[in-house]
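Computed from the coordinates by the stated procedures, all read-outs in this text should not be read as laboratory data. Computed from a prediction, not measured in an experiment: that's the story for all the values here. Neighbour counts run over all protein chains shown; Cβ positions are idealised from the backbone, glycine included.
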């Protein structure tokens, strides 16, 4: 079957690149793996060699049916459906995710895995190189996406995968992104809704200084924004991308305490 452009399908065929993705998940026979978008099953075969159970979610129903015929083994469960509608709670605790995902799905998938009541212990995602680097960014290059992911996961960059190794080749190169779930919450008793309200306010004015973006985003005056930043010991002339997660938490704590 030919990859479908409408579904963002770009199938990785290079054996070495596929091996590097499977190896990055550190699988054992005790592991259950959730594979998202197995496609023709090249990566699925490698996962079956390493893991005890593989659950593969494929949105392309004809492709899912074909995969059932070609890989009819007891440790593989193939589900025809949308990962964004799949109930992760039915998987065993500590499962791992391995996926070569369509670029358009990346942000929503990371949000799903981050906020799930039963999150994965590890996710190995092959995504657009620029997005992988944005998720794993350090202060100075942070974004709303990196803050959102790194609140729940530590993020590492894996191997680069050139576009020509895919069928058909995408317009840009890809990179492996490795997300390891934090063993304990980064911050105790965090009101996540309030925390992200502040973070989103900071990033709403991408080129604005923090005092301006926070004032606009939180609907407070600039003197109040200055008070907030001064109490958190953060320079109001900085921009949102310069802040660490610890900085955002300090802003959250001050904002929570003064109840603006």
DSSP bridge pairs, the chain: antiparallel proportion in percent, nearest 5: 45 percent
The alpha-carbon center of the stretch 107-125 and that of the stretch 216-260 are separated, in whole Å, by 28 Å
Distance from the Cα centre of the stretch 40-73 to that of the stretch 185-206, in angstrom? 38 Å
Can you put 85, 58, 141 in order, fewest other beta carbons within 10 Å first? 85, 141, 58
Please give, to one decimal in nm, the separation of the simple spin-label points placed at residue 171 and residue 117, each 7 Å out from Cα toward the Cβ. 4.0 nm
Just grab the label-to-label distance for residue 190 and residue 86, each label 7 Å out from Cα along the Cβ direction, in nm (one decimal). 2.5 nm
Going by alpha carbons, how many degrees (0 to 90, nearest 10) lie between the helix axis of 61-70 and the longest principal axis of the chain? 50 degrees
Report, to the nearest 10°, how far helix 192-204 tilts away from the longest principal axis of the Cα atoms in the chain, using its own Cα long axis and a range of 0 to 90°. 80 degrees
Sort the following peptides by mean Cβ neighbour count (other Cβ atoms within 10 Å, averaged over residues), highest first: 124-131, 12-19, 102-109, 180-187. 124-131, 102-109, 12-19, 180-187
PRE reach from residue 230 (point 7 Å along Cα→Cβ): which of the stretch 246-260 fall under 17 Å by backbone N? 251, 254-255, 258-260
Angle check, please: helix 222-231 long axis (alpha carbons) against the longest principal axis of the chain (alpha carbons), in degrees 0 to 90, nearest 10. 80 degrees
Ranked by Cβ crowding within 10 angstrom, fewest neighbours first, how are 248, 11 ordered? 11, 248
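Listed highest first by mean packing, meaning other Cβ atoms within 10 Å per residue, what order do 110-118, 30-38 come in? Show your work: numbers first, answer last.
Working: 110-118: 15.9, 30-38: 22.2.
Taking the mean over residues of other Cβ atoms within 10 Å, the ranking is 30-38, 110-118.
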